[in-house]
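To keep things clear, I will list the structure first and then write my remarks on it.
The values are calculated or read from the model by the stated rules, or taken from the named source; none is laboratory data. Given the structure is predicted, the values throughout are model-derived calculations rather than measurements. Note that each Cβ is placed from the backbone with ideal geometry, even for glycine, and that neighbours are counted across all protein chains shown.
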Amino acid sequence: MTKIYYAESKQAEIYNNVADAKKILSSERFERYKRLKQNDDKLDCLTVGIMIKLIFGSSEVLFKDKNGCPKLNNGKYISISHSGGICAVALSDKPVGLDIQAHSEKDYTALGRIVLCKSELEYLKNSDNKEDVFYKLWCLKESYMKAKGLGFSLSPKSFYFDIACEDIILHSDDDKQWNFFCFDIENLTSALCCNNDSEYNTEKISLTSYEK
């Protein structure tokens, strides 16, 4: 079963200083924290670091591979996403990808021409709720790209989804068995991609349970 933990990044504000960040974060994440300019980005970085420490008891279990994808040193699989003041972490014994997205007003058809395949774009154009369809398709795409461990080195136009029916169908040259789920986390559109795993659950973490 895939486990999804999530937390509100605003709770990390009390740790949002160099001294506390250095104690909490891994050396790699601390260097990234210091480079960040926007306060929201710093809070997201801190939140994920605190979540990792609460879940694993150590901040040094996480690293990035050559594609910039997060990896764990214990052989488990992890996927991380943050948007709209929420940070989420998915953990599994098998490859996993998670994406969450806060909505904002956009020209969804114009964006779709950039990132969607022809059939997805047609479905978007004919939809009565272009906003929901676009975010659902985009979250699904990112979750798959993350689960593959390729990130944006895999073109989002190299595969496509059929979401017209209840079941989510992936069309690609991939011979692996993937399961997809769409749901909301704190009103954010979310998608999960699991390798042959048909169950997941979610748990909200309070950052105030972390002791300095």
_Can you tell me which residue is surrounded by the fewest Cβ atoms within 10 Å (Cβ to Cβ) among those in the stretch 182-212 that are under 18 Å from the mean Cα position of the chain (by Cα), closer than 26 Å to Asn16 by Cα and acidic (Asp, Glu)?_
Glu203
*Quickly run through the stretch 7-38 and pick out the residues that are more than 28 Å from Thr202 (Cα to Cα) and either crowded, with 17+ Cβ neighbours inside 10 Å or touching a helix residue (DSSP H, G or I) at 6+ places or on another chain (Cβ under 6 Å) (or both).*
Lys22, Leu36
*Name every residue in the stretch 1-56 that is at pLDDT 95 or above, among the polar types (S, T, N, Q) and outside any helix (DSSP H, G or I), in order of residue number.*
Thr2, Asn16, Asn17, Gln38
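Do you know which of the residues in the stretch 121-144 that are assigned to a helix (DSSP H, G or I), more than 24 Å from Ala88 (Cβ to Cβ) and among the charged types (D, E, K, R) is nearest to the chain's Cα centre (by Cα)? Steps first, please.
Residues of the stretch 121-144 assigned to a helix (DSSP H, G or I): 121-125, 130-144.
Narrowing the set further to residues that are more than 24 Å from Ala88 (Cβ to Cβ) leaves 121-125, 130.
Checking the rest, the ones that are also among the charged types (D, E, K, R) come to 122, 125, 130.
On the way: Glu122: 26, Lys125: 26, Lys130: 22 Å.
For the stretch 121-144, the residue satisfying everything is Lys130.
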